[in-house]
Amino acid sequence: MSTREFDIYTDGACSGNPGPGGWAAVITEGDNSREISGFEERTTNQRMELKAAVEALRAVPPGSRVRLFSDSAYLVNCFNQGWIKRWQNNGWLTGKGQPVENQDLWRELLELSRDIKVEWIKVKGHSTDRINQRCDYLARGAITAANENGNPAEEAGTGEGNVRQGRGTISGPGPKTTGFSANCNANGMRRLGLLTGGGDCPGLNAVIRAVVKGATYNYNLEVVGFNNGFRGLVENDAALIDDFAVSGILNRGGTILGTSNRDNPFDFRPGGSSDYRETDNDRSGDAVENLKKWGIECLVVIGGDGSLLLAHRFSKLGVPVIGIPKTIDNDLPATDVTFGFDSAVTTATDAIDKIHTTAESHHRVMVVEVMGRNAGWIALQAGMAGGGDIILIPEIPFEYQHIVDKIMERNSRGKKFSIIVAAEGAHPAGGEPIYQAKGDVKRLGGISSVIAREIEKRTDMESRATVLGHLQRGGSPTSYDRVLATRFGVKAVELFREGKYNEMVCLRGYDIESAPLEEAVAGTKRVDPSSEQVRAALAVGTSFGCPI
Ligand code: F6P
């Protein structure tokens, strides 16, 4: 007797916790087609996808060969990468030693696939494939029936043809969409909002990609992207971002969403300005309304201290928020590292390497000014990596005489050039940082020229200043930042799934964790002058321009 062959499409539709979730499968054998669907109370989308697969496999005879098409990358990976077998061998514990979720279904699936040869195939979520769409429609029909009628499951399912109904009962009508409650929006899918705020940095696109792919591939969520940071939120300049939109952007600098470090919804001005004068033009209410219009349950803010502070203010208005820490400055507390930092350090190190060769040729003192605002992380790390002779950071005020002494000491050893790496916020002891003269906005910059002039005055050596500026914010992220950004983005989606709001994802040691937003926006993380890192630099002869 020849083996019977089936194609099965499955779908588990949005549950809108705590409510019913729908599952459905379309089973075809040659020209014959059969549809099954049902729902389960207080469930998750992932469980419903799994349920659909179990119910579908139950419906085919043992000894069959099945091609099972699913839009859940997670489910397909569980099989194709042997995770289920690993869990089974591990006493149904995950790699982290926690009990595997939905164990009942996994066990049954394993049992069923003993007698049925199953090939698992990932399809693109919500593809235009007719059977895929049909399946999605059936699963959503099951939810609608449950929500609207409070029907027992036997009456759920709106599919045509040979529809087998689900089992179980539900206790009443499901929840309706209101404000930020955890419900599905009009098309039955839960929605996340996403924006990038503040100065850009390499890795923003990598995070956007991770949030969108993490949300759509694994959880059937939709992501709404707001353009140009908080400005887009106030002006409702937004669009749905699907996985196609984020394809090919992992290595691209900048942000496909655009950003702004000038727009504060609580003090908003149409032209955008960051001088922080109070205008009494609070548009935060419009921002909140726009979130509601889109049916967004949670806003993911990718930003530095300013944007996360705004996110925190929105959380106080009742908006569920999740933060992702970005900045080249690496100055956010509650995370060991922000993404963007490694790329900026790499760019600065590369520049210092180049400055090195010309400094040596001309016997000059070269002062390289790097960004970082009031924290010296970029100067410290790029200075160490680039072999800077003198590193000047805001946390350790310098004295000109010490800088000159170091240069002269090098000269006496035959080193007729010196490299100084100065943070833009560095300043002499008892002095103030240098700000650019332009406009109302106080912007750091210019210390390198001041230092170079002072060195020429105090020595007979030529000195030049180079300001790296926005080069440090541009270009492709390093591999470290791509990985960190991806891990941060995926973790943000997981926090949403767990309903863990008003948190910021963070790196602690090697682990991705989360911390309360409150903690994340409290103050600035600065270099500790007595840290091991500073001591290591001192130990190899680097001067910090003062006696320490
Ligand atoms: O915070 C990132 C940063 O690049 C700082 O290092 C720098 O001081 C500032 O932004 C520059 O801002 P802008 O892009 O407005 O010139």
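Does residue 10 meet the test of being surrounded by fewer than 23 Cβ atoms within 10 Å (Cβ to Cβ), of a type in the set (Val, Ile, Thr), modelled with pLDDT of 90 or more and in the same structural domain as residue 129 (by TED's automatic domain parsing)? It is false that residue 10 is surrounded by fewer than 23 Cβ atoms within 10 Å (Cβ to Cβ), of a type in the set (Val, Ile, Thr), modelled with pLDDT of 90 or more and in the same structural domain as residue 129 (by TED's automatic domain parsing). Could you tell me whether region 374-383 includes any residue that is away from the ligand (no atom under 15 Å from the Cβ), farther than 28 Å from residue 494 by Cα and within 33 Å of the chain's Cα centre (by Cα)? Checking region 374-383: at least one residue is away from the ligand (no atom under 15 Å from the Cβ), farther than 28 Å from residue 494 by Cα and within 33 Å of the chain's Cα centre (by Cα). Under the condition of being basic (Lys, Arg) and surrounded by fewer than 15 Cβ atoms within 10 Å (Cβ to Cβ), which residue from region 63-85 is nearest to the chain's Cα centre (by Cα)? If we take residues in region 63-85 being basic (Lys, Arg) and surrounded by fewer than 15 Cβ atoms within 10 Å (Cβ to Cβ), then 85 is nearest to the chain's Cα centre (by Cα). Beta carbons closer than 6 Å, at least 6 apart along the sequence or on distinct chains, pair a first residue in region 306-324 that is within 11 Å of residue 503 (Cβ to Cβ) with a second that is of a type in the set (S, T, N, Q) for 315/502; 321/315; 321/502.
Could you tell me whether residue 369 is more than 16 Å from the ligand (Cβ to nearest atom), modelled with pLDDT of 95 or more and not small (Gly, Ala, Ser)? I'd like the intermediate steps shown before the answer.
Details: more than 16 Å from the ligand (Cβ to nearest atom): no; modelled with pLDDT of 95 or more: yes; not small (Gly, Ala, Ser): yes.
Judged against the criteria, residue 369 is not a match.
Quick check: is even one residue across region 29-45 touching a residue at least 24 places away in the same chain (Cβ under 8 Å), outside the structural domain of residue 215 (by TED's automatic domain parsing) and out of contact with any strand residue (DSSP E or B) (no Cβ under 9 Å at 6 or more places or on another chain)? No, region 29-45 contains no residue that is touching a residue at least 24 places away in the same chain (Cβ under 8 Å), outside the structural domain of residue 215 (by TED's automatic domain parsing) and out of contact with any strand residue (DSSP E or B) (no Cβ under 9 Å at 6 or more places or on another chain). From the list 473, 443, the lone residue that is within 16 Å of the ligand (Cβ to nearest atom) and surrounded by 18 or more Cβ atoms within 10 Å (Cβ to Cβ) is 473. Return yes when residue 363 is at positive phi and either within 16 Å of the ligand (Cβ to nearest atom) or in contact with a Phe, Trp or Tyr (Cβ under 9 Å, 6 or more places away or on another chain) (or both) and no when it is not. Judged against the criteria, residue 363 is a match.
Pairs linking a residue in region 465-487 that is free of Cβ contacts under 8 Å to residues at least 40 places away in the same chain to a residue that is more than 14 Å from the ligand (Cβ to nearest atom), with Cβ atoms under 9 Å and 6 or more positions apart or on different chains, are 479/342; 483/206.
Here's the yes/no breakdown for (1) charged (D, E, K, R); (2) on the phi > 0 side of the Ramachandran plot; (3) outside the structural domain of residue 23 (by TED's automatic domain parsing); (4) part of a loop (DSSP other than H, G, I, E, B):
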position	(1), (2), (3), (4)
77	no, no, no, no
86	yes, no, no, no
101	yes, no, no, yes
105	no, no, no, no
111	yes, no, no, no
120	no, no, no, no
137	no, no, no, no
142	no, no, no, no
147	no, no, no, no
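For region 259-304, the set of residues classified as at pLDDT 95 or above and within 12 Å of the ligand (Cβ to nearest atom) consists of 259, 303, 304, listed by residue number. The residues of region 376-412 that are assigned to a strand (DSSP E or B) and of a type in the set (Phe, Trp, Tyr) amount to a single one, 398.
The values are calculated or read from the model by the stated rules, or taken from the named source; none is laboratory data. In this text the structure is predicted, and so the values were computed from the model without any measurement. Note that we place each Cβ from the backbone using ideal geometry, even for glycine, and neighbour counts take in every protein chain shown.
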